[in-house]
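What follows is a single structure, written as structure tokens, with notes after it.
The values are calculated or read from the model by the stated rules, or taken from the named source; none is laboratory data. None of the values given here were measured: they were computed from a predicted structure. Using ideal geometry, Cβ is built from the backbone for each residue, glycine included, and neighbour counts are taken over all protein chains shown. When the accessible area is computed, the model is the full protein with side chains, heavy atoms only, and any ligands, DNA or RNA have been set aside. Shrake-Rupley method; radii C 1.70, N 1.55, O 1.52, S 1.80 Å.
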Amino acid sequence: MPIFSAPDGTELAYHVTGRGEPLLCLPGGPMRASAYLGDLGGLSRHRRLFLLDLRGTGDSAVPADPATYRCDRQVDDVEAFRAHLGLERVDLLAHSAAGDLALLYAARYPDRVRTLTSVNGRARALGIDFTEEHRREAAARRGAEPWFAAAYDSYERIWAGSAADADWDSAAPFFYGRWDATAQAHAETEVEQTNEEAADLYASAGAFEPAVARAAVATLDARVLLLAGELDSGPLPRVAATVAELFPEGELIVQPGAGHYPWLDDPRRFTETVTAFLDRAR
């Protein structure tokens, strides 16, 4: 298992799979081990995936200072990762909460980014976030699903702040396009793969300065793909569209029938979409 040292000396681990040009992958959660990404639906057949375990997750070490779990303080971990791999510019893929980390990296190190693929990525770094209303809007589309009634009751308790652990489990189907055996097995790993302390600190006060980040990405010389699941709420496709508009070369692609993990819902479509974007000549 390869490791390298972050600027503060924390040992960070990463996992390598596949063949082809390198693609640096940042996991979401927030602060979930990269194992949940798998091989991104077979994307490893087209790209060599370098999957980073963020500090305190997976096989990476726990930092001496928990304050370094804050998103902006992990940006230099990503830069150290790039330097360790000896790459001048990188193709970067981020999922979910790691969208913020990738955005902050692009804002701080714009010359190091060749492409950015944000898969259902958050954009609090740019002052855009999903809301409870967005969650409800997406949930309402799933009313015909056999699991809907019980899952929606749990979702209501989550919104009301009165959820038990069982409610989070019950609401899991909302995050997948198909609640099949593959999705269920994937959902069962979330708790054990997530550093809850780190997750609580990831977006803590001071992590984001949206005006500064917006100004930086407004001149970013890199192609940016916002890939949104049609059924996802974090972000809704129309919210992802507003994020794409903030980049000089930003584009939105909505994957039909997909939830928060589109590489599980339709692996072939996901890999074709991402590969076509990465391979396109500027």
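Under the condition of being of a type in the set (D, E, K, R), within 28 Å of Asp279 (Cα to Cα) and not in a strand (DSSP E or B), which residue from region 1-56 is nearest to the chain's Cα centre (by Cα)?
Kept after step one, since they are of a type in the set (D, E, K, R), are these residues of region 1-56: 8, 11, 19, 21, 32, 39, 45, 47-48, 53, 55.
Next, only the ones that are within 28 Å of Asp279 (Cα to Cα) stay: 19, 21, 39, 45, 47-48, 53.
Subset that is not in a strand (DSSP E or B): 19, 21, 39, 45, 47, 53.
On the way: Arg19: 22, Glu21: 20, Asp39: 14, Arg45: 21, Arg47: 18, Asp53: 13 Å.
Only one residue fits best here, namely Asp53.
Exactly one condition in (1) buried (at least 17 other Cβ atoms within 10 Å of the Cβ); (2) more than 18 Å from the chain's Cα centre (by Cα); (3) modelled with pLDDT under 95 is false for Arg135; which is it?
Every condition holds for Arg135 apart from (2).
Any residue in region 243-264 that is within 14 Å of Val119 (Cα to Cα) and in a helix (DSSP H, G or I) sitting within a Cβ distance under 8 Å of a residue that is open to solvent by 30 Å² or more (accessible area, probe 1.4 Å) and among the acidic types (Asp, Glu)? List the pairs, counting only those 6 or more apart or interchain.
As it stands, the answer is Ala244/Glu251, since those pairs meet every condition given.
Which pairs have Cβ atoms under 7 Å, sit 6 or more apart or on different chains, and link a residue in region 72-84 that is crowded, with 20+ Cβ neighbours inside 10 Å to one that is of a type in the set (D, E, K, R) and not in a helix (DSSP H, G or I)?
Gln74/Arg55; Asp77/Arg55
Given the conditions (1) out of contact with any His (no Cβ under 8 Å at 6 or more places or on another chain); (2) hydroxyl-bearing (Ser, Thr, Tyr); (3) in a loop (DSSP other than H, G, I, E, B); (4) more than 26 Å from Arg73 (Cα to Cα), report the number of the one that Ser233 does not fulfil.
Result: Ser233 fails condition (1) only.
Residues Ala64, Ala102, Ala107: which one is open to solvent by 10 Å² or more (accessible area, probe 1.4 Å) and in a helix (DSSP H, G or I)? Full working, then the answer.
Working: Ala64 fails: in a helix (DSSP H, G or I); Ala102 fails: open to solvent by 10 Å² or more (accessible area, probe 1.4 Å).
Unique residue meeting the criteria: Ala107.
So in region 10-53, with the set limited to residues that are of a type in the set (Lys, Arg) and open to solvent by 20 Å² or more (accessible area, probe 1.4 Å), which one is farthest from Asp77 (Cα to Cα)? Reasoning before the result, please.
Here is the first cut: in region 10-53, the residues of a type in the set (Lys, Arg) are 19, 32, 45, 47-48.
Within this subset, residues satisfying the condition of being open to solvent by 20 Å² or more (accessible area, probe 1.4 Å) are 19, 45, 48.
Working: Arg19: 24, Arg45: 27, Arg48: 20 Å.
Going through the qualifying residues, I end up with Arg45.
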